[in-house]
Every structure is written in C-alpha cells, then in structure tokens.
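Just below is one structure, and these are the notes that go with it.
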2 protein chains.
Amino acid sequence: MTLTPEAPHSLHTERLTTVGTHLRAALDGAYAAERAVARATFPTEGMLRDPSWDVEQSRAWTLQRLKDLEEHGFGHAGVPDGADAVQDPLTAVVTFETLAHADLSVTIKSGVQFGLFGGAVTNLGTAWHHAEFLPKITDLSLLGGFAMTELGHGSDVASVETTITYLPDSDEYEVHSPTPSATKAYIGNAASHGTMAAVFGQLIVAGQRHGVHTILVPIRDDAGADLPGITTGDQGHKGGLLGVDNGTISFDHVRVPRRMLLDRYGGVTADGVYESTIDNPNRRFFTMLGTLVRGRVCVGGGAGIAARRGLSIAVRHALKRRQFPASGRPDGVLLMDYLQHQRRLLPRVARSYALGFAQNELIAALVKVQGGEPSTEDEQRELETRAAGMKSITTWFANETLQEAREACGGAGYLSENQLTEIRRDVDIFATFEGDNTVLMQLVTKALLTDYRKEWSDLDKSGVVQATARVAGEQMAEATSVNLVLDRLASAVRRRPEETTLVDRRWHALMFEDRARHSLESLARRMRAASKDKGDQFESFNAMGPHVQYVAHAHMERLVLQAFIDAIDECPDGETKQVLERTCSLYALDSIHADRAWFMEHNRISSGRSKALEGQIDALCRELRPHALSLVEGLGIPKDWLGAAIVDES
Amino acid sequence: MTLTPEAPHSLHTERLTTVGTHLRAALDGAYAAERAVARATFPTEGMLRDPSWDVEQSRAWTLQRLKDLEEHGFGHAGVPDGADAVQDPLTAVVTFETLAHADLSVTIKSGVQFGLFGGAVTNLGTAWHHAEFLPKITDLSLLGGFAMTELGHGSDVASVETTITYLPDSDEYEVHSPTPSATKAYIGNAASHGTMAAVFGQLIVAGQRHGVHTILVPIRDDAGADLPGITTGDQGHKGGLLGVDNGTISFDHVRVPRRMLLDRYGGVTADGVYESTIDNPNRRFFTMLGTLVRGRVCVGGGAGIAARRGLSIAVRHALKRRQFPASGRPDGVLLMDYLQHQRRLLPRVARSYALGFAQNELIAALVKVQGGEPSTEDEQRELETRAAGMKSITTWFANETLQEAREACGGAGYLSENQLTEIRRDVDIFATFEGDNTVLMQLVTKALLTDYRKEWSDLDKSGVVQATARVAGEQMAEATSVNLVLDRLASAVRRRPEETTLVDRRWHALMFEDRARHSLESLARRMRAASKDKGDQFESFNAMGPHVQYVAHAHMERLVLQAFIDAIDECPDGETKQVLERTCSLYALDSIHADRAWFMEHNRISSGRSKALEGQIDALCRELRPHALSLVEGLGIPKDWLGAAIVDES
C-alpha cells in the first residue's frame, strides 16, 4: 500500500513553536510529505510494550501488534505483495523509521518478516516465488526467517558451511548442516513463529561448488512442530528485543523441490545444469548480498530515531527539572542551564540533525537504485558503501546517546516507565546485526581504497601524476572528490586558515576534507608498502586495523557535513536557517574537537586554535540554549509518543 | 563475622598459569589473604539470577539469596551486629566486592540493608540504637530503607523538604512530607520488603531549623501494609537490578518517639533543647554525609568487579573464536589476534588493573579512618575526595567496558545466557546512585581547590611565592603534591623529555603530574577572576563546568598511576613484574593518548611524539597478547563463576 492522508487512523495534532515547525520540515526534508502522512496515520494506541512482560508475553504481543499494524495498512507498506507489485523503497524505509518511534521489537520483527525474509524472496527470487509467497508473506499468513548467520560464522558469510546439494535423481535440493558450527543462529522468527526460512548455503551441483545461494525451506508444521530433519532452538532471553523470537535452525539432509531455490542470479535448470546470469562467483556473491542494502538503510534510520527519542526525553526533562539553588535562582537552576548539561546533550542534538540529513540523502540514493529507474553499477556500489557506513555510525551514536540521556535524567532515567533504558536495551544489538559495525567500517574503507587505486591508475596513465607521490596523492584526492560543495568551500579558504573564524563553514569544509583525504592517502601508502612486505602478510595488514577504522570514520563525517550544508540551503525560514547554521557549526566543531589531536598532529590546526575550539563550542551551546525546545520539536518525535512519565508530568 | 579459611563452603580450585597466579596475587594486593578466603568460602550455587524472571520472582529470589548468604556467614560480614560489636570496614568492602562477582541485585540489596540502613544506625546512632536495631538488621529480621533522596532533590541533599519537627508536649518527632516533591524516591527496600526507614529531613526544634538529620521511622506492619500516615509506592520495573524493590515513601504527620532520632551528632535532649557535638551546621551536615563514604568505596569496587567480569568473558571468547581465513590461517584468525580487537580490549584490561590497585589504596585509607585507629580530619577529607572520584571513574569505566565487551562478542554477547547484557543493565545505575558521577567529580575538584587555596595562602604568608603567579603556581603544586613517587620520577626526567622513550615511567609520571597540576592551577586562576566578575555570578562559574570535570579526571588519573607504580614494586616474580610493567605502560599511554590533544595544546608533547603514541600502544598490545589469558586470570574472576555459555563451551 501507499500511505495516504485520507482517513488518518490517529491524526496527530501537536502545537509546535514556529522554529520547531520549520526545523521539523527541514529534517523531514524531501520526504516531508511522506513522513507527515506516516505520523498522521500511525496507530499509536498501545504502541509501547510493557517492560514487565516476560519473553512469551512479549513475543505474543509483538506478533499481534504486527497483525494490527497490517490491518491498519501500516504493515508491509512499500513491500511488494505479489508478482505484479513493485517495491517502493521510499515507503518501506519511511514505514520502518515510523515503526522505530514505538516498540523496537515490532520494528525488528517487521524488518525480519518483510525486509529480510520478504526481501530475499523479492530480490533473489523470480516470478514464481513472488506469486507463490509474497501474498502470504505480506498478509502474515506465512512467517519466515532469514537464515544467513551461522554459529561458527557471524560476519563471514562466504564461509557458511550449510550445503544445498542438487539431487538429479529426484530433481530436489538437499539442505544440510554438516557440523554443529553450521547451525543457523540468531534467526528472527526461528524460535517460535516462523514456518519457513530463506536459508543461505553453499550450492553444490554434480560435485561442484557454486558459492552461496539461498533456498526456501519449510521448517515447521501448522501446529508449530519442527518438520522432519529440522531442529530449531530457542535462544531465549536476550539483552533486549524480547518480542523477537530469535532461534537456531539445523538441517539433517532436508529435501525441498528444485523450484524452492531463489534462483534469480543462479540455479539449476530443468536439465540439471547450473546456470547463472553472473559468471564471476565473487561478483555473484556480492550481488546477492547487495540486495541487503535496504535493511542497512532501515537499521541506521531506526537507530537515528531511537537516539532522537532519547534526546527528546532528556532535553524535555532538563527544561523542567531544577537542582541546586544559585545566585539569582533561589528555586534551583534548570538542568538545561548548566553548561555541563548543555555540553552533554546539545552536541548530540546537533549530530542527530546531521545524521538525519545524511539519512535523507541515503534514502534518495536507495530510491535511485531500487526505485525502478535505471542506475549504474557505480551508483549501486556507492549506495552500499554509504549504507554500511551510515548504519555503523548511527547505531554507535544511538547507543552512546541513549546512555548519556539515561544518565542525564539521573535515577528517573533508570525507571522503565521513562523508556530510556528500554530503548537502550533494544537498540544495543543494532551495532551488530545487519553487519557488525567494525566489519562494515572495514567495507567502507575497502571501497574507498578501490576507488583510490582506480583513479590513481587512470591518472597515472594520463600523465597527470607529479614527481612525488605526496603531491600526486593530494591532487588525485581533489580530482576524485565526490564532495564538490565541500571542495569548493575548502578551496576558498585553503590559503588562509588562521584568518578565518571557527564558525566559518569554509574552514569546517577544509578540515573535514583534509581529514578524509589525508587519512585515506596515508593508508593507501601503507597498504602499498605492506603488499611488498616479505613477512607475514596477515600481520602486515593487521597492523593497519585502527587506521582502517579511522579512514571510514573520516569519510562518513565528510558525507554527513556535506548533507547538513545542503539541507541548510533548502531551508526557507530566516530564523530557522540561523538556528540550523549554528547547529551545523556545533556538529562540525564537535567533530573537529573530538579529532583535534589528529588535526594538530597533521599540522592542520595550531595548538592555539585547538584550545579555542572548546570556547566556541560553549558559545554555540549558549546561543542554541534558547532554542532547545524548538530543536527537540524539530527532531520530529511527537511529545505524546514519547511515553515517558517524566515528560508527561509537565 | 570474620571470614576464615576453615570449612570453606565451596572451596574453589582453579588451575592458573604461573603468571596468572602472580598477577592475581598482585591485584589482590595487601588484601590477598582476605580475598582468597572470600573466594574459597563464597556460596556459588545459584549465584546468578535467571534473567527471564519477572520483578516479583526476582525480588523474592534476591531476598532469599540474601538470607542464604547470611546463613553461610557471608551476609553482614564486617557490619557490627550489636552495641558491643565493632565495624570491620575491610571485611565489609571485601564482602561487597565478592558479592559483585554474582548477581548485582543481591549485592545492592545487601548494600541497602547492611551498608546504608545498617550504616546509618551504626554511624549516626548511639548505643541504644545499636543495641536495639543492629541485631535485627544483621539477622535480617528487620529490613530497612535509606530514605535520603527525594523526588524533587536528587543530588541536592541539603535541600530535602521532609521535616522532622520536635513536639515538646508528647516528647515525639513528627515526620512530614510537606509537598509532593518531598516524597522519598528510589529507596531500596521501600517498595515491598522494608518495615522501617532511616529518613533524612530538616530538624525543627521550637521553630528553629537545625539542618538535615536522620530518624528511624517504622513504615509497614508485619503483614506488609503501610502504617498510618505512611504512603509507599512501587517504582516497578527498572533498567536493571530487578531484584531490588525500589519505591517511594511519603509521610503525613507521622509521629515517632524522641529516641528514634539517630542523634550521635545532634538531637534534642530530655529537656527539649537541641544539642550537637558540632557547632557549625555546615560542618555537621558534611560530617553526617561523610559517614556514607564506605558505600562509595563499595560501589566503586563492585563496578570494578563488574568490568572485570565483562572483560574476562570477552577475552576468553576472543581466545577461542575464529573469523575470516587469512594467509597462513586457513581455519580463520583468532579474534584476539586482530590488532583492532586487541585495541578494544587490552587497554581496558590494563585500566582494570590500574583501577584495582587504586581501589586497594582506597580501602587502606578507609580502614585507616574507620578501622578504629586514630585518624586526622585531613585523612578523612582526603578519603572522601578519593572515594568520590574512584566511584565516578570506575562506574563510568564499567558501563563503557561492558558495552565494548558485549559488542566484541557480537550476537552471542546479546544473549542473556552470556551475562554481558545482564551485568550491563545492573551496573548502569552505579553511575548515578551513591552520588551522581558528574556531581561527585565536582566535589573532587572543589576539595582540590580548597587545598590549593589553603596552601597558596600558607606559602604566601611565608614569603615563598615568587613574583609571577605562573611560577608560584608551579612551585606550590610541587610543594603540596601528595604524590612523592610520581614527583620524584617526574623531576628526574623534566629537563629532557624528548630524549626519553615512550615507555619510560618517568615520562609518564611527568605527563600525569603536569596534566593534574596545570589544569588545577589554570582553573584556580579562572575562579579567582570569576569571583571578581561583576556580572551574573552563577554564569561566571557555570562557564567552568567542563574545566571542573577535567581537573577531577586529571587528578584521579594521577592517583591511579601512582597506585599502579607502587603495586609493581611489590611484585616478587620477575616475569610477572615485566607483564605488569607493560600493562602499566599500556594504561599510562592509553590515558595520555586519550588526552594527547591537551598535551599538545599545552606544549607538553610535540605533534611528532603524539603521533608516535599509537604505534607504541599497538606494540604493547602485541607484547601483551601472549599473556592475554594470564592477564584475565589475574583479574581474579574464577572462570566457572562467569556463568557465560560462550566461556563454558570451551
């Protein structure tokens, strides 16, 4: 379905400040209309899970809530429900993000069912699979798991041990777990509700391995009993997401008909021969995994919403709560008036905006690639890299921010009725699933290095490269920069940094550009040296582990700043634009401040300028303090959705 | 009782590496004997709570476990059980730390009952209170709450609104909550099990206020019903510590006999007149609060143990788990062999040692002050400052470390059966209770500034102060330094830092000393300037909030390094000493690296030296990698106490 403003289920009416209204519009960005409709139609009754429920109750409630949402047209929104339906990635992501305003178990179970299980059928299957399964998946009569991860192979999907062996005599596949470590693990819907799984395994045809493929395997009968050859396990109580029934699955020579293989990119023909549209097995593998990109866009977006919920609660609390009388403040000082408290919360609010603008750009890239229009392979790769990086930095940010918000609310923050600990528990695992953050950051840097080498080699052929590698590197980086706005700003200020002020956007751009370029360039140099190293190759590259993480971090910060700058340009309201300018400066200076050691080490800033950063951050916090409420309103979480007693009591 | 090695309840036999044995002895330090006995006698059957239990079950189990521990002689150990018994702070702290090896709800409920409620009676009461209540408190027939915090006044104890008014006609006190914000909140034992509370309120005698005092008030009858005038509330499900029944209490003109006031430091005589052994009301207030110091020592110690449990699980997992094949490692690389993974865990292991050594010194200071021997007022103040700082830095460290450990174990880390999320949930609030960390760090700096001003003024009188404040500050700091070892080391290297290597302990000492001195000195200068400021006094001081936090942090780091250096000297084994030297260097360089921007900004290190830090940290991680198991053994958590499935599976 498409969300429409007609007959909203729970029309949301919230009185916002003028600046708050404009800030929300800015952060909703190009998708303001879709998001407004989603907010207006989202069923809010019983949107939060009771934290005191046990695992059984939580799972039952979560499944029921998913069914209710589906009945209200808010279930599989954006996901195709048959062979003729097309996917609508924009609606899918906006729906996921809206779900993240409420119980995250529901969000994730929805993601498992529609995004992962449904997504595997949609993206890896063909017309027969679509017609046969998508209607049942989207109306929730068929619940399924996405059985990729194995006990022995968390992030290393290429090494999964499960086998999918073609049996020519019966024209079937045999799915088998050859070892205990081949057991599928952490699979949502596997512990209890799922009756089918999309299983990832090594395809073997006539003794030959063709790499990882995916096959649909029924795992339970209607009564909930494991089917013959299937052993499921319940992974029970977890750190959070109690409503999601994660479990294990292992296969003992389980046979399924040939057509159950999701064979869009490769499978066995009626003649019993393996055929694939992609000859290179490595490229085939990454093409199949690449279809997972929407999940990462969703998870990052959901984590961003979780962080905004936490900040909304903590800032609204700090605008009411007084502690310790002071001169001229006999009733106590508002928490929000303590500079230390501002420093704990406002830079995080600023970063929430920054990440939100970058998420909008990521959605645009996803829509471009998966929305039905033609797209290039470069655009697909760029989308995957960006999604991996955004997922990592946003989920880490959400975890840290919710903890800061909890502590900023003191003992009240620890009561489940104030939601912070509950959101924190649920969002914890976002840093691991859909790709471990550390591994995803490695992927980002790997892609950057590939681009770098390619451009380097092109430049080299054309004779542009100068005598020294140092200079060549700089020029190359400029020539290949995708961030033209940052680049233009940076160029304008490059020759006179000390004359500029700390809130000069051109100076921020220069710093972000330099950090990303120089760290990548020096890593590339170390990589070249390591590849010539005669010693233990693993150790040569292993030594660069922290550098690899840094490069990805610097690259993502650059993308995020770029997105923020673009968004400010779009804002029509003068006062709001000023607030956004300051918020952007706070984000930029907070990022530079956190890395100021790097900037000094690389002679990008003097020690005097570095010392001045903190004073400027303090000044921005003071300037934004009067807009604290508007800034929180702009984050877009309606106040009465927060469900936090300390906020409701006002 | 005193723990004795006779008839151990669950004699623990664990086979350790030689280095592991020596490391454990080093970390156990001066209290190795007491800790060995505690380990050998701790009842380990059913030591961990089932995470799937609900609030009711968790509370019932926690109370029963507390009773079982008491029966095994492990309950109120160290706490006096009658008027003639003396307190034994060493046994009390060692017992608390041992309890923290298991379920933290039990640890905290024990802390509420024996440490806070029992501690109030012991320290604020007199012989009658001791004889009347301590036997029942220690045998658990009288469960009580420590009713200090109010809804409206979390950290601001001086502002509590509850009144304790003397009624001369009936020779009683009337305890009353004049407003909703006067409601006592977050009180352990208040929601369900407690029948009495030690209530903090403003004492009023004949219309005159005498500041905060504490009175014992019965709150429930034996059937569990609120007594007349008492309204208790249940704060229900929390972020963790489900076994502790935190609740609210409010009082509606509740009368109790005069003798119920804990009047050691002040109360009403039989003649109806207020008398106190401490004339200055401010000093009286802080003397009463000062008796809480043992609780802070315990909480910091418990948090340190929680962090060690997390690191023990994550490192032991990383020593078994392989991911991604690499050249020469066809079965995959051990997680512990990835430099990035070493960097995530080993500096935290090093800091665990550092904090453990500092905790030992803190215990020694507590024993000196509260162990019955004479102690000076300076020693008491120094103990309070150190306890406040250690509580803050250790509880923050525990929270961050458990999250890092969770992520380092991936999806397995999220399963409750692997304990990490459970410990994390429980230890979260350690950052807030027994004093909010941010507020406690302010107390540390306040004490440092007081010392600084006092010494400055003494020096000034004696004519030592030089012409410029800058030089005077340096000299003063040296003259008043309590850290003679650091000072001696630092002096030896002061004139030639660039010639020294990064692992030269003298250079570490110099950096830690300089950071602590200079940041304090510059804050003192800003404070002097602010006090002369004609504008809004609150804002003048408010602007220094982050600087105040930094000074406390720098001071605590200095104390911690000092403790580490002292402990190395005590180690008798050569190889272990080498491991400790490297571990100390890793801690020191990690601390300097985290603050390297500060050191560059203040011209303490060059940008070249700063860049070299990371390489040296990497080298130390590689050097310590072969000792990873020994290091974890040394942390002192017996492997079979971890209760983590991923560790047991080996």
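The values are calculated or read from the model by the stated rules, or taken from the named source; none is laboratory data. Since we're looking at a predicted model, the values are computed, not measured. Neighbour counts run over all protein chains shown; Cβ positions are idealised from the backbone, glycine included. For accessibility, only protein heavy atoms count, side chains too; no ligands or nucleic acids. Shrake-Rupley method; radii C 1.70, N 1.55, O 1.52, S 1.80 Å.
Values computed for the structure shown
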{"quantity": "Net charge, residue A:58 excluded, C-beta distance under 14 Å - Lys, Arg +1, Asp, Glu -1", "calculated": "-3"}
{"quantity": "Whole-Å distance, taken between Cα centres, linking the range B:317-378 and the range B:246-260", "calculated": "45"}
{"quantity": "Extension gain (nm, one decimal) between residue A:400 and residue A:45, 0.36 nm per residue minus Cα-Cα", "calculated": "124.9 nm"}
{"quantity": "Accessible-area composition of the range A:357-402, carbon plus sulfur, in percent [1.4 Å probe]", "calculated": "52"}
{"quantity": "Summed residue charge, Cβ within 11 Å of residue B:250's Cβ, Lys/Arg positive, Asp/Glu negative", "calculated": "-3"}
{"quantity": "Rounded to whole Hz, the Karplus (6.51, -1.76, 1.60) HN-Hα couplings of the range A:273-287, x for glycine and proline", "calculated": "10, 6, 9, 9, 7, 10, 5, 6, x, 5, 5, 4, 4, 6, 5"}
{"quantity": "Globularity index of the range B:137-280, i.e. its alpha-carbon radius of gyration over 2.2 N^0.38 Å", "calculated": "1.03"}
{"quantity": "Estimated inter-spin distance, residue B:270 and residue B:169, nm [label 7 Å along Cα→Cβ]", "calculated": "2.4"}
{"quantity": "Relative counts (whole %) of C-alpha pair distances in the range A:97-156, using bins that are 5 Å wide", "calculated": "4, 17, 23, 19, 18, 12, 6, 0"}
{"quantity": "Those residues of the range B:529-549 for which accessible area with every protein chain present is at least 10 Å² below the isolated value (1.4 Å probe)", "calculated": "B:536, B:537, B:538, B:539, B:542, B:543, B:545, B:546, B:549"}
{"quantity": "Carbon and sulfur %, accessible surface of the range A:137-280 computed with the full protein complex present, 1.4 Å", "calculated": "48"}
{"quantity": "Carbon + sulfur, % of accessible area of the range A:557-637 - ligands and nucleic acids excluded, 1.4 Å", "calculated": "42"}
{"quantity": "Chains B and A together, accessible area buried on both sides, 1.4 angstrom probe, square angstrom", "calculated": "6000"}
{"quantity": "Under Karplus coefficients 6.51, -1.76 and 1.60, residue-wise ³J(HN,Hα) of the range B:141-152 in Hz, glycine/proline x", "calculated": "7, 10, 9, x, x, 10, 8, 9, 4, 10, 3, x"}
{"quantity": "Theoretical FRET efficiency, 1/(1+(r/R0)^6), r = Cβ-Cβ of residue B:534 and residue A:68, R0 45 Å, to 0.05", "calculated": "0.10"}
{"quantity": "Listed residues A:244, A:185, A:617: farthest to the positive end of the dipole of chain A (Cβ charges)", "calculated": "A:617"}
{"quantity": "Whole-number percent relative contact order across chain A, with pairs defined as alpha carbons under 8 Å at least 6 apart", "calculated": "16"}
{"quantity": "Electrostatic dipole magnitude of chain A [Cβ: Lys, Arg +1; Asp, Glu -1; Cα centre; debye, to 20]", "calculated": "2220"}
{"quantity": "For the range B:525-650: relative contact order, % (alpha-carbon pairs under 8 angstrom, 6 or more apart)", "calculated": "16"}
{"quantity": "Computed FRET value (nearest 0.05) for residue A:501 with residue B:379, which takes r as the C-beta separation and R₀ as 45 Å", "calculated": "0.35"}
{"quantity": "Where N is the number of residues in the range B:1-132, Cα Rg divided by 2.2 N^0.38 Å", "calculated": "1.15"}
{"quantity": "Kirkwood-Stokes translational diffusion coefficient of chain B, alpha-carbon pairs, 20 °C, 1.002 mPa s, µm²/s", "calculated": "82"}
{"quantity": "Probe 1.4 Å - accessible area at residue B:242, Å² to nearest ten", "calculated": "10"}
{"quantity": "Cα centroid separation - the range B:105-179 against the range A:78-127, whole Å", "calculated": "55"}
{"quantity": "Förster-model FRET efficiency, 60 Å R0, residue A:577 and residue A:83, C-beta, rounded to 0.05", "calculated": "0.80"}
{"quantity": "Solvent-accessible heavy-atom area per residue, rounded to whole Å², over the range A:559-626 at 1.4 Å", "calculated": "35"}
{"quantity": "Net charge, residue A:194 excluded, C-beta distance under 14 Å - Lys, Arg +1, Asp, Glu -1", "calculated": "0"}
{"quantity": "Global geometry of the range A:97-210, whether rounded, prolate or oblate, following the gyration tensor of its Cα atoms and the 1.5 cut on a/c", "calculated": "oblate"}
{"quantity": "Calculated [θ] (222 nm, deg cm²/dmol) that DSSP helices of n ≥ 4 give over chain A, each run adding -39,500 (n - 2.57)", "calculated": "-17500 deg cm²/dmol"}
{"quantity": "Within chain A, longest stretch clear of exposed trypsin sites (Lys or Arg not before Pro) (DSSP loop, no more than 15 other Cβ within 10 Å)", "calculated": "A:16-319"}
{"quantity": "The range A:237-311: equivalent-ellipsoid semi-axes (sqrt of 5 x gyration tensor eigenvalues, Cα, Å)", "calculated": "36, 21, 9"}
{"quantity": "Accessible area in square angstrom per residue, the range B:137-280, 1.4 angstrom probe", "calculated": "36"}
{"quantity": "Whole-number D in µm²/s for the protein assembly as shown (Stokes-Einstein; Kirkwood sum over Cα pairs; 25 °C, 0.890 mPa s)", "calculated": "75"}
